[in-house]
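Novice: Okay, here's the structure, questions in a sec.
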Amino acid sequence: MKRLLYVEDDPINAFVIKKLLAQHYTTEHVEDGETCLSILGDGAFRDLVLMDINLGRGKMDGIETMKKIKATPLFENLPVVAITSYAMPGDKERFLGEGFNGYLSKPVERPVLLDYLGNLSTIMLIDLRSDTVTLSYSRHARSNDERTDRRRCFW
């Protein structure tokens, strides 16, 4: 089973995400960026990190924590996905521009979360052999319409 580290300061959000992922991921939860960096430093391998942006209880927000993860040679290729309530026009592009490997807005539905993380994990494995990959994933809108989001990913 894949191992996921979820950085979230809200215990209710953490509980919900852990339940949504329970059948597919072993999920560890930490409440702040400092603990995230400490946990990653223990040497146990993680497949990806889900990172809230507004970590109100810690000294670092999600962006600063992600940048510290990516600045560590051992973790520079570890996928870090922003999962946030920042969902205004331009927010997704801003977070991807900051260096996140993916973006999900809260609230997120289980099929969307599993589909997105599954495709992201596949892309990151392919990335070990290629400099450029086209990511295509299916997102289920609340109206149950299916949309496709395609973008070129450079790692």
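Novice: Please determine whether any residue of the stretch 75-84 is closer than 25 Å to Glu34 by Cβ, open to solvent by 60 Å² or more (accessible area, probe 1.4 Å) and assigned to a helix (DSSP H, G or I). Spell out how you get there, then give the answer.
Specialist: Just the residues of the stretch 75-84 that are closer than 25 Å to Glu34 by Cβ, to begin with: 75-84.
This time we only want the ones that are open to solvent by 60 Å² or more (accessible area, probe 1.4 Å), so: 76-77.
Checking the rest, the ones that are also assigned to a helix (DSSP H, G or I) come to none.
Looking for residues that are closer than 25 Å to Glu34 by Cβ, open to solvent by 60 Å² or more (accessible area, probe 1.4 Å) and assigned to a helix (DSSP H, G or I), one finds none in the stretch 75-84, hence no.
Novice: Show the residue pairs meeting these rules: Cβ distance below 8 Å; 6+ apart or different chains; first residue within the stretch 93-105 and under 19 Å from Glu76 (Cβ atoms); second residue open to solvent by 60 Å² or more (accessible area, probe 1.4 Å).
Specialist: Phe95/Tyr86; Glu98/Lys67; Gly99/Lys67; Asn101/Trp155
Novice: Can you tell me which of Asp47, Asp52, Asp32 is closer than 16 Å to Leu5 by Cβ, in contact (Cβ under 8 Å) with a residue 60 or more places away in the chain and of a type in the set (Asp, Glu)? Reasoning before the result, please.
Specialist: Numbers: Asp52 fails: in contact (Cβ under 8 Å) with a residue 60 or more places away in the chain; Asp32 fails: in contact (Cβ under 8 Å) with a residue 60 or more places away in the chain.
When all the criteria are applied, what remains is Asp47.
Novice: What is the residue count in the stretch 3-26 for residues that are closer than 15 Å to Pro79 by Cα and surrounded by 15 or more Cβ atoms within 10 Å (Cβ to Cβ)? Can you show your working first?
Specialist: Initial filter on the stretch 3-26 (closer than 15 Å to Pro79 by Cα): 3-7, 25.
Checking the rest, the ones that are also surrounded by 15 or more Cβ atoms within 10 Å (Cβ to Cβ) come to 4-7, 25.
Count: 5.
Novice: Next up: Among the numbered criteria (1) open to solvent by less than 20 Å² (accessible area, probe 1.4 Å); (2) farther than 15 Å from Arg3 by Cα, which one does Lys68 miss?
Specialist: Lys68 satisfies every listed condition except (1).
The values are calculated or read from the model by the stated rules, or taken from the named source; none is laboratory data. Because the structure is a prediction, the values reported are computed rather than measured. Quick reminder, even Gly has a Cβ in these numbers, built from the backbone with ideal geometry, and neighbours come from all protein chains shown. In case anyone asks, the SASA skips ligands and DNA or RNA and just uses the protein heavy atoms, side chains included. Shrake-Rupley method; radii C 1.70, N 1.55, O 1.52, S 1.80 Å.
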